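Have a look at the structure below before the remarks.
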Amino acid sequence: MAARSIATATVSFGLVTVPVRIYPAVRQSAGLSFHLLHSKDKVRLKQQYICPADEEIVERSDMVKGFEYKKGKYVVFTDKELKALDEKATSGLEITEFLPKDAVDAVYFEKTYYLGPDKGGEKGYALLAQAMATADEIALAKYAARGKSYLVLIRSTGDRLFMQQLYHSDEVRDLGEVPVESRRNREAEVKLARQLIEQISTDTFHAEKYEDEVRQRIEKLIAQKLKGKDITAATPSERPPAPVIDLMEALKASLGTRGRAGEGAPRRGPASVRTMPARAAAAPARASAPRARAAGGRKK
């Protein structure tokens with residue numbers, strides 16, 4: 001089934017403009033949801049808003065929007081005023097600069113979209129995609145939609161473009177907020193750890209290998225319930241407290257286990273000389289769409 005575009009835009013760099021269509025890169029979450037029902041007649045319940053001051057049910061026609069400028073104090077805006085506050089939507093993706101492909105840390109990535117050529121933009125689309133791939137660079141662009149201003153990254157696979165919406169810098173927590181004690185490990189420990197990493201490393205990411213096992217289990221139980229069978233919770237097994245272990249012995253034991261289990265499996269050379277790509281899992285598409293700063297690099 002062909003993908004359906006959600007918007008049209010024009011990518012511009014210099015005096016060149018390329019009409020494109022924007023497509024969602026991911027499907028809506030396939031998670032299962034349960035609804036609140038009335039126990040008496042099994043009818044789904046409706047949500048209501050209640051004013052805590054007078055305990056009255058408030059209809060939508062009596063609702064207004066306000067900004068809390070001080071605890072418990074609000075300034076109220078009319079619909080017309082709210083519309084004036086919105087960023088004027090644009091249909092343009094204005095490229096402001098080109099950057100090395102790894103200039104923006106993945107922590108800033110929020111959403112991914114695919115870009116396809118719109119009518120009349122096939123040649124310009126192909127040219128931009130090929131030129132970006134040849135230069136091995138990404139494009140930083142500004143975009144405005146749905147009352148917000150965004151910053152996006154446009155990436156190329158060689159013949160296709162996609163974009164990633166970015167978080168703003170003030171939306172990303174400082175990595176320094178995470179308490180981590182600085183320490184140096186012994187060289188022998190690092191060497192064993194790298195050997196273990198090498199044994200379970202692969203060159204490509206295959207998402208299809210990993211399924212939502214929890215969702216599958218719940219679907220199976222729901223099917224049993226529909227057939228009139230009772231569902232009982234599995235008896236949880238007691239987890240003993242984590243033992244204090246010798247790190248070196250644990251690494252050696254892990255290597256021995258992996259060696260027996262993966263005997264004969266191809267490996268990719270000594271871990272001591274191999275460098276792992278920073279974001280291999282982001283393989284073909286690491287584009288971005290509106291929102292943030294591409295200053296590059298995780299906050300320190």
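Among the residues of segment 154-190 satisfying the criterion of being within 14 Å of the chain's Cα centre (by Cα) and hydrophobic (A, V, I, L, M, F, W, C), which is farthest from P100 (Cα to Cα)?
Checked segment 154-190; the qualifying residue farthest from P100 (Cα to Cα) is V172.
Take segment 136-171 and flag every residue that is open to solvent by 40 Å² or more (accessible area, probe 1.4 Å) and within 18 Å of A106 (Cα to Cα). Please lay out each step first, then the result.
Filtering segment 136-171 down to residues open to solvent by 40 Å² or more (accessible area, probe 1.4 Å) leaves 136-137, 142, 146, 148-149, 157, 159-160, 167-168, 170-171.
Matches in segment 136-171: D136, E137, T157, Y167, H168, D170, E171.
Only one residue in L99, L192 is open to solvent by less than 90 Å² (accessible area, probe 1.4 Å), farther than 20 Å from P19 by Cβ, at pLDDT below 95 and assigned to a helix (DSSP H, G or I), so which one is that? Explain how you work it out, then say what you get.
Details: L99 fails: assigned to a helix (DSSP H, G or I).
Every option except L192 fails the conditions.
Against the definition (among the hydroxyl-bearing types (S, T, Y), in contact with a Ser or Thr (Cβ under 6 Å, 6 or more places away or on another chain) and either under 18 Å from L161 (Cβ atoms) or without any contact (Cβ under 8 Å) to a residue 12 or more places away in the chain (or both)), how does T10 come out, yes or no? Break it down stepwise before answering.
Details: among the hydroxyl-bearing types (S, T, Y): yes; in contact with a Ser or Thr (Cβ under 6 Å, 6 or more places away or on another chain): yes; either under 18 Å from L161 (Cβ atoms) or without any contact (Cβ under 8 Å) to a residue 12 or more places away in the chain (or both): yes.
Judged against the criteria, T10 is a match.
What is the number of the single condition among (1) within 30 Å of S5 (Cβ to Cβ); (2) in a helix (DSSP H, G or I); (3) not aliphatic (A, V, I, L, M) that E81 does not meet?
Only one criterion in (1) within 30 Å of S5 (Cβ to Cβ); (2) in a helix (DSSP H, G or I); (3) not aliphatic (A, V, I, L, M) is unmet by E81, namely (1).
Are there any pairs with C-beta distances below 7 angstrom linking a residue in segment 202-221 that is more than 18 Å from S33 (Cα to Cα) to a residue that is surrounded by 10 or more Cβ atoms within 10 Å (Cβ to Cβ) and of a type in the set (K, R), with the two at least 6 apart or on different chains, and if so which?
Filtered contacts from segment 202-221: D203/R268.
If you take the residues of segment 119-135 that are farther than 11 Å from V11 by Cα and open to solvent by less than 80 Å² (accessible area, probe 1.4 Å), which of them is modelled with the lowest pLDDT? Full working, then the answer.
So in segment 119-135, the residues farther than 11 Å from V11 by Cα come out as 119-120, 122-123, 126-127, 129-135.
Checking which are open to solvent by less than 80 Å² (accessible area, probe 1.4 Å) leaves us with 120, 126, 129, 131-133, 135.
Working: G120: 91, A126: 94, A129: 95, A131: 94, M132: 94, A133: 94, A135: 94.
If we take residues in segment 119-135 being farther than 11 Å from V11 by Cα and open to solvent by less than 80 Å² (accessible area, probe 1.4 Å), then G120 is modelled with the lowest pLDDT.
Taking interchain pairs and intrachain pairs at least six residues apart, which have beta carbon atoms under 7 angstrom, with the first residue in segment 23-36 and within 18 Å of F109 (Cβ to Cβ) and the second open to solvent by 60 Å² or more (accessible area, probe 1.4 Å) and modelled with pLDDT of 90 or more?
Y23/Y114; A25/Y114
What number of residues within segment 151-208 satisfy the criterion of being touching a helix residue (DSSP H, G or I) at 6+ places or on another chain (Cβ under 6 Å) and of a type in the set (F, W, Y)?
2
Quick one: how many residues across segment 1-55 are part of a loop (DSSP other than H, G, I, E, B), open to solvent by less than 70 Å² (accessible area, probe 1.4 Å) and within 30 Å of L99 (Cα to Cα)?
Here the count works out to 2.
Report whether or not Y108 is modelled with pLDDT of 90 or more, open to solvent by less than 70 Å² (accessible area, probe 1.4 Å), within 26 Å of the chain's Cα centre (by Cα) and within 15 Å of Q164 (Cβ to Cβ). Break it down into steps so the answer makes sense when it comes.
Working: modelled with pLDDT of 90 or more: yes; open to solvent by less than 70 Å² (accessible area, probe 1.4 Å): yes; within 26 Å of the chain's Cα centre (by Cα): yes; within 15 Å of Q164 (Cβ to Cβ): yes.
In short, yes.
Pick from V107, V152: which is touching a residue at least 24 places away in the same chain (Cβ under 8 Å) and not in a helix (DSSP H, G or I)? Can you show your working first?
Working: V107 fails: not in a helix (DSSP H, G or I).
After applying the criteria, what remains is V152.
For segment 172-189, which positions are touching a Lys or Arg at 6+ places or on another chain (Cβ under 7 Å), open to solvent by less than 70 Å² (accessible area, probe 1.4 Å) and in a helix (DSSP H, G or I)?
Passing the criteria: only G176.
The values are calculated or read from the model by the stated rules, or taken from the named source; none is laboratory data. This is a predicted model, so every value here is computed, not measured. Heads up, the Cβs are rebuilt from the backbone with ideal geometry, glycines too, and the neighbour counts pull from every protein chain shown. SASA here: full protein model, heavy atoms, side chains in, ligands and nucleic acids out. Shrake-Rupley method; radii C 1.70, N 1.55, O 1.52, S 1.80 Å.
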